[in-house]
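Everything on this sheet refers to the single structure shown next.
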Amino acid sequence: MIGKKDLLIVSNLRRNARETLTNMSRATHIPISTIYDKLRLHEGGLIKKHTCLLDYNKLGYSTRANVLLRVDKEHRDELKEYLVKHMNVNSVSKINNNYDFMAEMVFREIKELEDFLENLEDKFKVKSKQVFYVIEDLKREAFLS
């Protein structure tokens, strides 16, 4: 379990990861040195990765979908590796309730995504799939911010 100071620091990072330690110290009333030490302590553990959220449409990637996939046991590991390494797959999760994986995919156009999914079905003998196109993000990466 993490302490209150750690939670305050993480919450501030989630809100604005580029905030200076000085400003974070003022907002939280935690000394800069403590914030610095806690950040170093949690990197690679609690803090998995420093990253930014992108507007994919402005990059020319207007098609986003969450795809649920179910495959035979003998193809699971192979499909997992393929999804994890593919550049158009933003996130992959192992899930339950009659599906094996949920993947968030980002493509320039629907045809690219459909071709990709058709290829997956042929290559990994997909037993079942459901595709949910993302129309609009209403809330994204906001927990603890």
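The values are calculated or read from the model by the stated rules, or taken from the named source; none is laboratory data. Keep in mind the model is a prediction, meaning the values are calculated, not measured. Glycine gets a Cβ as well: all are built from the backbone with ideal geometry, and neighbour counts include every protein chain shown.
In the set (1) in contact with a strand residue (DSSP E or B) (Cβ under 6 Å, 6 or more places away or on another chain); (2) surrounded by fewer than 17 Cβ atoms within 10 Å (Cβ to Cβ); (3) closer than 30 Å to ARG15 by Cα, LEU138 fails one condition alone, (1). Among the residues making up the range 20-46, those that are out of contact with any helix residue (DSSP H, G or I) (no Cβ under 6 Å at 6 or more places or on another chain) and assigned to a loop (DSSP other than H, G, I, E, B) are THR20, HIS29, PRO31, GLY44, GLY45, LEU46.
Of the residues that make up the range 90-108, is at least one surrounded by 11 or more Cβ atoms within 10 Å (Cβ to Cβ) and acidic (Asp, Glu)? Taking every residue of the range 90-108 in turn, at least one turns out to be surrounded by 11 or more Cβ atoms within 10 Å (Cβ to Cβ) and acidic (Asp, Glu).
Any residue that is outside any helix (DSSP H, G or I) and in contact (Cβ under 8 Å) with a residue 40 or more places away in the chain - is there at least one of those in the range 81-91? No, because not a single residue in the range 81-91 is outside any helix (DSSP H, G or I) and in contact (Cβ under 8 Å) with a residue 40 or more places away in the chain. The condition (being among the charged types (D, E, K, R) and within 25 Å of ILE135 (Cβ to Cβ)) is satisfied by just one residue among ARG70, ARG15: ARG70.
Considering every residue within the range 124-132, establish whether at least one is under 29 Å from ASP6 (Cα atoms), of a type in the set (D, E, K, R) and either surrounded by 12 or more Cβ atoms within 10 Å (Cβ to Cβ) or modelled with pLDDT of 95 or more (or both). Within the range 124-132 (the criterion being under 29 Å from ASP6 (Cα atoms), of a type in the set (D, E, K, R) and either surrounded by 12 or more Cβ atoms within 10 Å (Cβ to Cβ) or modelled with pLDDT of 95 or more (or both)), the answer is no, since none of the residues qualifies.
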